[in-house]
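The structure under discussion appears below in the form of structure tokens.
Every number here is computed from the coordinates shown, using simple stated rules; none is lab data. All of these numbers come straight from a predicted model, not from anything done at the bench. Every residue, glycine as well, gets a Cβ built from its backbone with ideal geometry; the counts of neighbours run over all protein chains shown.
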Number of protein chains: 2
Amino acid sequence: MSEIFHASADILETRTRNALLEAGASTETAEATTQALLYASRIGVDSHGVRLVTHYAAMLRAGRLNGTPALKVHRTAPATALLDADDGLGHYACYHAMQLAIEMAAQTGIGAVGVMRSSHCGAAGAYALKAPEAGMVGIMTSNSDANVTPFRGTHAFHGTNPIAMAAPVEGQMPWLLDMATSSIPFNRVRLYRSLGLPLPAGVAADAEGNMTQDAMQASMLLPLGGESYGFKGAGLAGMVSILSAVLTGAMIDPRMIQMTDTSDFTTPRNVGHFCIVLDPARFVGREGFDRALKDYLAMLRAILSTTAGESVMAPGDREWKTMEERKRTGIPVDPDTRGFLKL
Amino acid sequence: MSEIFHASADILETRTRNALLEAGASTETAEATTQALLYASRIGVDSHGVRLVTHYAAMLRAGRLNGTPALKVHRTAPATALLDADDGLGHYACYHAMQLAIEMAAQTGIGAVGVMRSSHCGAAGAYALKAPEAGMVGIMTSNSDANVTPFRGTHAFHGTNPIAMAAPVEGQMPWLLDMATSSIPFNRVRLYRSLGLPLPAGVAADAEGNMTQDAMQASMLLPLGGESYGFKGAGLAGMVSILSAVLTGAMIDPRMIQMTDTSDFTTPRNVGHFCIVLDPARFVGREGFDRALKDYLAMLRAILSTTAGESVMAPGDREWKTMEERKRTGIPVDPDTRGFLKL
């Protein structure tokens, strides 16, 4: 295999922004999307990084995505709002929603914003992390097109429906959870197919819903918890669907047009998101929160790992480590994306 | 084996309430705890049902639990509050917190209440379900004493830290998720020990943190997701800890006195809970919410199960079915509890 190409974050940022602008994205849209993609690329979540720019540019040109959306905010109560994303890129809507939730939480202690008529938003953690920047705790969810079967089901029903949460840690990088409610993303199945390798047990099912480790036979994902405890992952996916779509007026997962496995690139998909922001100052107080979270993390990180010589990591620790490494090494870019961005 | 004894909900309710009153619980405390225990017993969650009354009565008598707590509500902002449970039984505090969150959500669209200086609260779903009674969506979490290892850790750190959510379904029983963030509770390990059976794979670890199926060797639980994806279950347990304890001033899981595996029955444990209530009327609107949730559930329940002749169930369906069955059969009561309640 040839050496993997690496690019600096700076050049990737410029090329990504320009590619989106050239495809018809407004300045605000291109900027928000670029920030979200670069965030994922920096922390090592390459599936949600700059490689997505090719797809977004194609969808802007095909008409599914509105490059110049006019976001409409409906303030429905002192602590809640509904945001109509006008079929634009999800990243722009999500940053906007999170900012609004932060502003409401500063007034009312907690704020929630639902987003509808949106689209794929990349890594949900990008938006949850805006809350710690304001000293608050942020939660972000998004529904998505069906490729996960319910527990012991025979059809895909839920999307991989991520849950993200971020909390400020005084003097440290934030605590950061960003997880799909399936064990793996469907892209991982495609990777195993191309490598000719068997899948791990309990992560995917064949067309009849039976667990399979044959990547070629896998046609849908199993929810987190697998064959025996997948009712929990399915329940969490349902929680995300209810918050992100049922509450907001977005399309429920099984009715949503597929993101890529479709020939329809013109109809907007009406993806939904949901964010909640909490102000620690309105609960135990900022000082008590800071002290308790640092104590919690210190105790967690002091636990020895089953891997000799290592300690347990907190959610986010691996991502922040990767971010530091990539400051030195640059960001790996796959050949297709390298070609698209003319790197 | 002899036939299992069944009692009617009515007699169980009376005996449970009386047992708590006799152990020193106030009328309000006894009533709330009885309602929460009977709820769990009715829906088939016997681990959190009336069998707990023996333990609660003992802890009231020993002094760990304050039978006559004076709940203190600190209204910290229009949509938030912190509730000091005064070391009383968690059930009383949780019903109170959820009611307050519902009242705030009616004004501000969303409401959140943190609870500290509390104790075991039984099934978190009991409180989440109060929100659908008011036409709202309820979320409830609780931290608990450490018996789950972090991902690839060598010590127990988190509790089984449940997440519950309930949503109103027009003309039907509520959608109801109530799940621990481990695959199984530690009581299940004890059950396998007594039965001399091997544990399922990926649910428990030995004292060194290595996965084991030997129930006698199991000394802690693995987080949901098991050996390969347990970082997700551990992350969810952390989310629950941060909401329920770090935000509220309750004891973090690894510092909490064990519920049963301890000789200290006099020191209060300072368990924490967190509830969030959302009003659908302040998002897509009540009508749109009702329509979308019914559509979502109809599509979910139309999916055939991998078990021939069956369909997929939504979260809560099994519980509501058990509740109907137990109206006819009565509630099974184990010999110890039967003896304690003089049935």
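Once Rg and the Kirkwood radius are both taken over the C-alpha atoms of the protein assembly as shown, their ratio Rg/Rh works out to 0.96.
Within the listed set B:E227, B:E310, B:E287, the residue fluctuating most in the Gaussian network model of chain B (springs between alpha-carbon atoms under 10 angstrom) is B:E310. Using just its DSSP H runs of length 4 or more, each adding -39500 (n - 2.57), chain A gives a mean residue ellipticity at 222 nm of -11500 deg cm²/dmol after division by all residues.
Among A:V284, B:V137, rank each residue by its count of other Cβ atoms within 10 Å, from fewest to most, as a rough exposure measure. The partial results should precede the final answer.
Numbers: A:V284 23, B:V137 28.
Fewest-to-most Cβ neighbours within 10 Å comes out as A:V284, B:V137.
For A:T76, the residues whose modelled amide H falls within less than 5 Å of its own, excluding neighbours fewer than 5 places apart on the same chain, are A:A81, A:L82.
Phi-derived couplings, Karplus 6.51 cos²θ - 1.76 cosθ + 1.60 at θ = phi - 60°, listed residue by residue for the range B:151-159: 4, 6, x, 10, 9, 5, 9, 8, x Hz, with x used for Gly and Pro. Chain A holds its axis-closest Cβ, relative to the rotation onto B, at the residue and whole-Å distance A:A79, 2. For the segment B:220-232, counting C-beta atoms of other chains within 10 Å of every residue's C-beta and taking the mean gives 5.
Inter-copy label distances at A:L343, using a point 7 Å along Cα-to-Cβ, come to 6.5 nm with the shortest given first.
Decide, for chain A, between rounded, prolate and oblate: order the square roots of the alpha carbon gyration tensor eigenvalues as a ≥ b ≥ c, take rounded if a/c falls under 1.5, and otherwise choose prolate if a/b is larger than b/c, else oblate. Walk me through the numbers before you get to the answer.
Details: a/c = 1.19, a/b = 1.08, b/c = 1.10.
Because its axes are fairly even, with a/c under 1.5, chain A counts as rounded.
For the residues of A:159-165, the average number of beta carbons from a partner chain within 10 Å of their own beta carbon is 2. Distance between the C-alpha centres of the range A:273-343 and the range A:169-203: 15 Å, rounded to the whole angstrom. Per-residue shielding of B:98-110, expressed as the average number of other chain Cβ atoms within 10 Å of the residue Cβ, stands at 4. Loop-located trypsin sites (Lys or Arg not before Pro) in the range A:255-343 (DSSP state other than H, G, I, E, B) with a sparse environment of at most 12 neighbouring Cβ atoms within 10 Å: A:K342.
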